[in-house]
């Protein structure tokens, strides 16, 4: 880490392990932020609690933690790792093959998730995270990968948010897609029964 970012009564520090009480609080924030993705994406994007806590305790994963300077209350979190074996839903071999020069230096990083506490999304918490991760990746001459489900990409617009977050670092572009298909009986289609489309609920409100 280059150095801790601080502004407007908040600061972000990078830690390898989150203590148990803070991890429990962050899991509550995680569910508040991402809980309804379970009905919006065919692939399971939401961690079970034991998986979330495992990530909080796994020292191979850097946790970018934003806190209130006065109360020490956690306000935001970003996870980042260059050990892609910890990212169980991706293929480390794919990224090593696509980016061999970065792979040779262990400089392929994966961004797990970014969240800011409800009620704090219009503060500087997000921009703090953006500046810190940009500085750290540039200092390491590293690349960063991440994934976004179709709903968050097309409806919420998180790809645009990612470009905003990493805009000073590099151009964000897609490297792969996966489409889920379903076959519905003809009589159901003829009866007018169709799938329900989830209502929009942005996970990121406003911009930093």
Handout entry: Cβ crowding within 10 Å averaged over residues, with 133-145, 175-187 ranked highest first
Key = 133-145, 175-187
Fill in the blank from the handout: Under the 7 Å Cα-to-Cβ spin-label approximation, residue 176 and residue 139 lie apart by a distance in nanometres of 3.0
Exercise for the section: Indicate the gyration tensor shape class of the stretch 25-76 (rounded, prolate or oblate), computed on the Cα atoms with a ≥ b ≥ c the square roots of the eigenvalues: a/c under 1.5 is rounded; otherwise a/b larger than b/c is prolate and the rest oblate. Expected result: oblate
Fill in the blank from the handout: Quick calc: nm separation of the 7 Å Cα→Cβ label points for residue 101 and residue 187 -> 6.1
Fill in the blank from the handout: Contour minus Cα-Cα span, residue 88 to residue 20, at 0.36 nm per residue, comes to 22.2 nm
Practice task
Calculate the spin-label point distance for residue 28 paired with residue 43, positioning each point 7 Å from the Cα along the beta-carbon direction, and give it in nanometres.
Solution key: 3.1
Fill in the blank from the handout: antiparallel share of DSSP beta bridges within the stretch 58-170, to nearest 5, in %, is 80
Problem - Gain on full stretching of the segment that runs from residue 54 to residue 150 - 0.36 nm per residue minus C-alpha separation - result: 31.9 nm
Handout entry: Segments 61-69, 80-88 sorted - mean Cβ within 10 Å per residue, highest first
Key = 61-69, 80-88
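Read-outs throughout are calculated quantities, based only on the coordinates presented, and are distinct from any laboratory measurement. None of these values were measured; they are calculated from a predicted model. For neighbour counting, all protein chains shown are included, and Cβ atoms are generated from backbone atoms with ideal geometry for every residue, glycine included.
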